[in-house]
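Note sheet for the following structure.
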Amino acid sequence: MTIEERKERTRMMLTEAAAELFVMKGFDQTTVEEIAQAAGISPRTFFRYFATKDEVVMSFLWLKVDKLLGSLAVRPKEEELLESVQVVFRSSEADGNVERDRQLLRLLATTPSLRARWLIDGWESAVRLRPIIAERLGTEVTHPRVALIANTLFMVAETVLDRWSVEGGDFVDELVAALVLINRGGVFSLGDSPT
């Protein structure tokens, strides 16, 4: 195993351990020392990877976002955007611990420091989504419609995730239903549109 692979494995062990502890004990009640111990490392090693507890929980969530964006980028360009979103989110459910993820999102909603970071960093995801949307539209990333679609997808997902974290249910079905409702005005259609 290379040094980089070991570092990535340690990072993943820390994020997994932190996620489990945060869900079990709560964010504020979990210490860095407990996270390090659960991951089988020293607190000093924890700080080589993350400066704060906030970073470790956000890292866990952004790894999921990275995977979603990567999966969306490789979907067939001729596929309807809503279908691509549905397939990508449905496959992400199969890859993880859905209940733990739901509880982590609830933690985000109820921990002010995490909530603020999630919303601020979330806009970066919308910006990172723009090149994927632009390629599907066959236009420049600076086209206004690209930002409209990316920002709308982010805000709808954020809204549905907030509700899902509290009420449960089928997140993907609720997301698609919300996107279909918004798309009645043609927001997500990839055909010609006014600027």
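Checking every residue in the stretch 111-122 against the condition of being within 17 Å of S59 (Cβ to Cβ), open to solvent by 80 Å² or more (accessible area, probe 1.4 Å) and modelled with pLDDT of 90 or more gives zero matches.
Out of curiosity, is R102 under 15 Å from the mean Cα position of the chain (by Cα), open to solvent by 70 Å² or more (accessible area, probe 1.4 Å) and closer than 22 Å to V176 by Cα? Answer is no for this residue.
Being surrounded by 15 or more Cβ atoms within 10 Å (Cβ to Cβ) and polar (S, T, N, Q) is the filter; apply it to the stretch 66-99 and report the residue that is farthest from G138 (Cα to Cα). Top of the filtered list is S92. Which of the residues spanning the stretch 25-46 are loosely packed, with under 13 Cβ neighbours inside 10 Å and part of a helix (DSSP H, G or I)? The answer is K25, E33, R44. The residue that is nearest to V176 (Cα to Cα), counting only those in the stretch 132-154 that are open to solvent by 70 Å² or more (accessible area, probe 1.4 Å) and assigned to a helix (DSSP H, G or I), is L148. Selection within the stretch 52-93: residues that are among the acidic types (D, E) and assigned to a helix (DSSP H, G or I). The member of this set that is nearest to the chain's Cα centre (by Cα) is D66.
Return yes when A19 is hydrophobic (A, V, I, L, M, F, W, C), more than 30 Å from Q86 (Cβ to Cβ), surrounded by 15 or more Cβ atoms within 10 Å (Cβ to Cβ) and at pLDDT below 95 and no when it is not. Here the answer is no, as A19 does not meet what is asked.
The values are calculated or read from the model by the stated rules, or taken from the named source; none is laboratory data. This one's a predicted model, so the numbers in the text were calculated from it and none came from an experiment. Ideal geometry is used to build each Cβ from the backbone, glycine not excepted, and the neighbour counts take in all protein chains shown. We work out accessible area using only protein heavy atoms, side chains counted, and drop any ligands, DNA or RNA first. Shrake-Rupley method; radii C 1.70, N 1.55, O 1.52, S 1.80 Å.
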